[in-house]
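The values are calculated or read from the model by the stated rules, or taken from the named source; none is laboratory data. Note that the structure is predicted; figures quoted are calculated from it, not measured. Glycine gets a Cβ as well: all are built from the backbone with ideal geometry, and neighbour counts include every protein chain shown.
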Amino acid sequence: MYFYTSILSCIFISVALIGIWRLFVSNRIAASFRLVLLLTLFLKVYCSADLYLHGWDERYHALVAKNMLDDPLKPTLYKNPLHHYDITDWTNNHIWLSKPPVGLFIISNSIRIFGQHEYAVRVPGIIASLLSVYIVYLIFSKVYNQKLGLISSFFFGIHGVLTDLASGRVSSDAIETLFLLSINFGVYLILFNDEGKKSYRTHIKVGLITGISFLIKWQPALLILLLYMVDQLGQRNYKQAIQRIVVATISALVLPGVWILYASIKYPEEMAWMLKAMFNPLYGIVANNDSKWYSQISNFGVFFGYSSYLIILYYALRKTVVFSERRVFMLTWIIVPLTIFSFAEIKRGTYLIISAPAMIGLTSAFLYENWFWLKLNISKFVSIVSFVSIGMYSAGKLYLFSKDKPRTRDWSTEIKARSYLPGSVIYDEPHYIEVMFYHDVVAYPKPKEWYEENDQSKKLQQRKQLVPF
């Protein structure tokens, strides 16, 4: 079956690519872009067809989102824990604040609409992917022209890491995809601002989308404010720029402030720990973490082609380029996250995807401004190498004609086939998170005796703390 599915997929992708190219060269940009959206949708849906929850971090997001159906303001992993737990252990605790509530709330509503299924967990990521492709098209059409917008949106739509994220295969799955959508929308608001108007409407909107983005994935959302500062200060009216930045910053604090205040009152211990743990990626150490200083530099090269560093250097040093007016803006979008995440102790490659629109946009411009049909120059060669790298990496993520990446897992099929009475308690279950998602039960990964001994030990410790000296 996998062979015939792969054949049909190859045919569809080939036809879509030919159609996109032919419409592009005939200057039918709108029609070509519609095909880009269709191809993006196909890739995301195709890769989202796995009939099991992925380990990091999809299964945890899925369970917390399911539990939020009863109380949207109470994100929990173990809805009704029966044993003592460590609030710092995000894989086994009760109140779950490791991710802010907005992304989880969106996934929860998808489960409410589409049912308790893996596909329901991935629908928000698929929709967010399509919206991001559309916004990337608008951004780079605004900055330069529609053709460059189309090229940028195409490579953004097919990018392998973005496809993996939307389909839940890598951390942080739909949450990361929704976060990137909020970043893209923030950039859109910055570029399509209400210039010439005395109203502070745009600056308030930039602040609010920063706050929403913060409530999807914490502090990386501050990139929107940083880009807004670069944009405003670049206009050289510093007094007006500072006023606008202050308005945007105050607006950005409103929604996160409300949530943090609410959570601090309702879940004081958990929120206090989370506010400290929020910066854990900068200095924390986790098992199997690749903490080499050059890891993120290497990841960036894998994601966008190692030739992308030549493109960054080109736009940093050359006096006149396509993006002359937005040069610092685009380079900030790329270099600041790359620098921060390179110095961070925890180095997840997916952190870098926040810069994907800017890097792909610069690569598209590099190709577009140096394109000569009958001449192969160095600039053209470098940009083509980057796009071929992105294309090959993305094609590899489809796992076409591969038996090593089955759509199902025996353990998942077996778990779904089980029958439990609601409220049952299961111990020594290796897939305890999945069991609690598919069934209304409480499941633990270790034997019952271990938890009973642990509970007894906790009680003794509490008694010792209560005994006066």
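Comparison of 394, 402 shows that the only residue that is among the hydroxyl-bearing types (Ser, Thr, Tyr), assigned to a helix (DSSP H, G or I) and at pLDDT 75 or above is 394.
With respect to residue 113, is the statement that it is surrounded by fewer than 13 Cβ atoms within 10 Å (Cβ to Cβ), modelled with pLDDT of 95 or more and not in a loop (DSSP other than H, G, I, E, B) true? Yes, satisfied. Quick one: would you say residue 99 is under 27 Å from residue 257 (Cα atoms), assigned to a helix (DSSP H, G or I) and either in the same structural domain as residue 268 (by TED's automatic domain parsing) or out of contact with any helix residue (DSSP H, G or I) (no Cβ under 9 Å at 6 or more places or on another chain) (or both)? So residue 99 fails the test.
So, in the range 290-324, of the ones that are in contact (Cβ under 8 Å) with a residue 60 or more places away in the chain and not aromatic (Phe, Trp, Tyr), which residue ends up surrounded by the fewest Cβ atoms within 10 Å (Cβ to Cβ)? Per the criteria, the residue is 302.
If you go through the range 417-453 and keep only what is touching a residue at least 40 places away in the same chain (Cβ under 8 Å), crowded, with 19+ Cβ neighbours inside 10 Å and among the hydroxyl-bearing types (Ser, Thr, Tyr), you end up with 438, 444.
This table checks each residue for (1) modelled with pLDDT under 95; (2) hydrophobic (A, V, I, L, M, F, W, C).
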| residue | (1), (2) |
| --- | --- |
| 20 | no, yes |
| 34 | no, no |
| 57 | yes, no |
| 62 | no, yes |
| 80 | yes, no |
| 102 | no, yes |
| 109 | no, no |
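Does residue 35 satisfy the criteria of being buried (at least 17 other Cβ atoms within 10 Å of the Cβ), among the hydrophobic types (A, V, I, L, M, F, W, C), closer than 18 Å to residue 153 by Cα and free of Cβ contacts under 8 Å to residues at least 24 places away in the same chain? Considered against the rule, which asks whether it is buried (at least 17 other Cβ atoms within 10 Å of the Cβ), among the hydrophobic types (A, V, I, L, M, F, W, C), closer than 18 Å to residue 153 by Cα and free of Cβ contacts under 8 Å to residues at least 24 places away in the same chain, residue 35 comes out as yes. Of the residues examined, residue 274 is one that is over 30 Å from residue 141 (Cβ atoms), among the hydrophobic types (A, V, I, L, M, F, W, C) and surrounded by 18 or more Cβ atoms within 10 Å (Cβ to Cβ). Taking the stated definitions as given, is residue 127 of a type outside the set (D, E, K, R), assigned to a helix (DSSP H, G or I), buried (at least 19 other Cβ atoms within 10 Å of the Cβ) and at pLDDT 95 or above? So residue 127 passes the test.
Residues in the range 306-362 that are over 29 Å from residue 280 (Cβ atoms) and not in a helix (DSSP H, G or I): 306, 307, 318, 319, 320, 321, 322, 323. Suppose we keep only residues that are of a type in the set (A, V, I, L, M, F, W, C), in contact with a Phe, Trp or Tyr (Cβ under 9 Å, 6 or more places away or on another chain) and more than 13 Å from residue 444 (Cβ to Cβ) within the range 69-105. Which one would you say is surrounded by the fewest Cβ atoms within 10 Å (Cβ to Cβ)? Ranking the qualifying residues of the range 69-105, first place goes to 73. Where residues in the range 13-52 are outside any helix (DSSP H, G or I) and of a type outside the set (A, V, I, L, M), which of them is farthest from residue 127 (Cα to Cα)? Per the criteria, the residue is 26. When 360, 346 are checked against the criterion of being under 25 Å from residue 279 (Cβ atoms) and either at pLDDT 85 or above or out of contact with any Ser or Thr (no Cβ under 7 Å at 6 or more places or on another chain) (or both), a single residue qualifies: 346.
When every residue of the range 143-156 is checked against the conditions, none turns out to be farther than 26 Å from residue 17 by Cα and in a helix (DSSP H, G or I). On the basis of being part of a helix (DSSP H, G or I) and at pLDDT 95 or above, does residue 412 make the cut? In short, yes. Of the residues in the range 139-155, at least one is in the same structural domain as residue 278 (by TED's automatic domain parsing), touching a residue at least 40 places away in the same chain (Cβ under 8 Å) and either within 20 Å of residue 433 (Cα to Cα) or touching a Gly at 6+ places or on another chain (Cβ under 7 Å) (or both).
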